[in-house]
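I have placed the structure first, in the form of structure tokens, so that the comments after it can refer back to it.
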Amino acid sequence: MAATLPTVAIIGRANAGKSSLFNRLVKSQQAIVAREAGTTRDNVLGKVTYRNDGKEAQFWLVDTAGLKAAEDEFEASIQDQIEEAADAADVILVVVDSTQHVGDEERSVAKKALKSKKPVVLITNKADLKDSLPDDDFRRLGIQTIIRTSAEHNSGISDVLNQIAELVPPATIREADDVLRIALIGRPNVGKSNLFNKLAGKQQAVVANVAGTTRDINRIQINYHQRTIELLDTAGVRRQGKQEVGIEKFSVLRTLQAIEQSDICLLLMDVNELNTQLDQRLAGIIAEAGKGLVIVVSKWDSVEGKDAYTRDALAPKISYNFKFTPWAPLIFTSSVTGQNVTKLFDLVTDIDARRKQETKTRVLNDLLQKAIDKHPPAGLKNTHPKLRYMVQTDDNPPWFVIHGSNLKFVHWSYKRYLERLLREAYDYSGTPIKFSFRDEKQIKSNKERVAQGKAPVTKAYKQAKNAEQGE
């Protein structure tokens, strides 16, 4: 079964402290997808797991303006943010500067947020400053729930997380099936819809047009070598002769939803505009979500005088810019000539098989022991991590749990070292792999607290116990 997490969107005008609030909400949690050194992602998206006083929630936190650089011609205005959040988010956080009086812009945002019928929370940030206004000055916005925060001083953050935990719906569970879901992801005008149409047209055995549960995510199912593949296109399928002129709208939240609903993502980049920062951010989000990834260079037919040398010259530059996903294959395509389009089917089915390949616990632990013998993990004086054994607990993506003690001292570079050895033992090309670390002392402490009735039996505790038993 696959779970699709709810989404919490942060909106608000510039200088209200959205980024600082985002950082606090994400960094205050330990159980989020690790933000490790060497990645190029900015603070745009975080997967947050929150547990406190019996409250529990897991959700994506998104800064809806975070993917739009100021110089981009399709930069999201505050109105774009609220429309997008109202349409696609499950909970909306409206952030205002508590030192500034309510203006027309704040009133417009609040009105549209409330009109969406989604849960809305007003965050009055910078509440630590002496010229911060009282809550009564903001009640005229009509938002019932008001939380005062100081993101800079970490004040009010737990109140925000508690409120989110009460409001977000549980994750949507999709029953396991044999359908391979492929999402086409990318910036506007990189050729997603053209490739979508070409992939659909390559196969004559069309199973069905599948009505999307999320508006503006178009789907179609095809049959390839007795395997049902569902294509997801966030840009929408345009009929011939009806192509829009200009820049198509780019939606952060719908892109995130397509990533969440897929197994493997094709990240498209226009060969005439390669290696933008946004492409790197999207690749980071896909990897963070645990989805398979193929980097697709589109519109190869538009390059004049191209030859093998041109491709060989471009490939290392692209790989350098995506060095945080070195496992992602790179392919050059053309929807006009059909070059390498069919190869995408073989590529994604191979990646799907690698994501689901079986491993043997004995092999994993031989690999772990050899890794430790060759390069023991560093720690502090008299406090070194002890890695005892490793088991695989999940696939899609492959997930490995390492048991031991003092595991909080395991450096991110050592995790990369273990990942590299694991990829040498098993071919995981095209997919991220995930690690979790279970500290025996912490598990023992949790067991004792549960037995004494001092702590609830949480989902995290159950997962740790199952992993310990090798289930």
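The values are calculated or read from the model by the stated rules, or taken from the named source; none is laboratory data. This structure is a prediction, so every number in the text was calculated from the model and none was measured. Cβ sites come from the backbone with ideal geometry, for glycine too, and all protein chains shown count toward neighbours.
Computed quantities for the displayed model
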item	result
Checking Glu273 against (1) part of a loop (DSSP other than H, G, I, E, B); (2) touching a strand residue (DSSP E or B) at 6+ places or on another chain (Cβ under 9 Å), the condition it does not meet	(2)
Residue pairs meeting the criteria (Cβ under 7 Å; at least 6 apart or on separate chains; first more than 22 Å from Val303 (Cα to Cα), in segment 259-283; second hydroxyl-bearing (Ser, Thr, Tyr) and modelled with pLDDT of 90 or more)	Ala283/Thr325
Among residues of segment 389-403, those that are within 15 Å of Tyr414 (Cα to Cα) and either among the aromatic types (Phe, Trp, Tyr) or surrounded by fewer than 21 Cβ atoms within 10 Å (Cβ to Cβ) (or both), counted	1
Identity of the residue in segment 6-23, small (Gly, Ala, Ser), in contact (Cβ under 8 Å) with a residue 60 or more places away in the chain and not in a strand (DSSP E or B), that ends up nearest to Lys112 (Cα to Cα)	Gly12
Gln442 at negative phi and modelled with pLDDT under 85	yes
Single residue of Val297, Val303 found to be over 16 Å from the mean Cα position of the chain (by Cα), at pLDDT below 90 and of a type in the set (Val, Ile, Thr)	Val303
Checking Val121 against (1) closer than 19 Å to Arg13 by Cβ; (2) over 32 Å from the mean Cα position of the chain (by Cα), the condition it does not meet	(2)
The lone exception for Ile351 - which of (1) closer than 29 Å to Ile229 by Cα; (2) of a type outside the set (S, T, N, Q); (3) modelled with pLDDT under 95; (4) not in a loop (DSSP other than H, G, I, E, B) it fails	(3)
All positions within segment 370-389 that are part of a helix (DSSP H, G or I) and not charged (D, E, K, R)	Ala371, Ile372
Residues that are small (Gly, Ala, Ser) and in a loop (DSSP other than H, G, I, E, B), drawn from segment 295-346	Gly305, Ala328, Ser334, Ser335, Gly338
Those residues of segment 115-131 which are free of Cβ contacts under 8 Å to residues at least 40 places away in the same chain and under 14 Å from Val95 (Cα atoms), in sequence order	Val120, Leu122, Thr124, Ala127
Criterion (of a type in the set (Asp, Glu) and in contact (Cβ under 8 Å) with a residue 12 or more places away in the chain) met by exactly one of Asp373, Asp350, Asp346	Asp350
Any hit, segment 362-373, residues being loosely packed, with under 12 Cβ neighbours inside 10 Å, at pLDDT below 90 and out of contact with any Leu (no Cβ under 9 Å at 6 or more places or on another chain)	no
Count of segment 1-23 residues which are at pLDDT 85 or above, farther than 18 Å from Ile286 by Cβ and within 18 Å of the chain's Cα centre (by Cα)	5
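Here is a yes/no grid of residues against (1) of a type outside the set (D, E, K, R); (2) over 30 Å from Tyr389 (Cβ atoms); (3) in contact with a Cys (Cβ under 6 Å, 6 or more places away or on another chain):
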{"site": "Ser302", "(1), (2), (3)": "yes, yes, no"}
{"site": "Ile318", "(1), (2), (3)": "yes, yes, no"}
{"site": "Leu330", "(1), (2), (3)": "yes, yes, no"}
{"site": "Thr337", "(1), (2), (3)": "yes, yes, no"}
{"site": "Leu344", "(1), (2), (3)": "yes, yes, no"}
{"site": "Lys356", "(1), (2), (3)": "no, no, no"}
{"site": "Thr359", "(1), (2), (3)": "yes, no, no"}
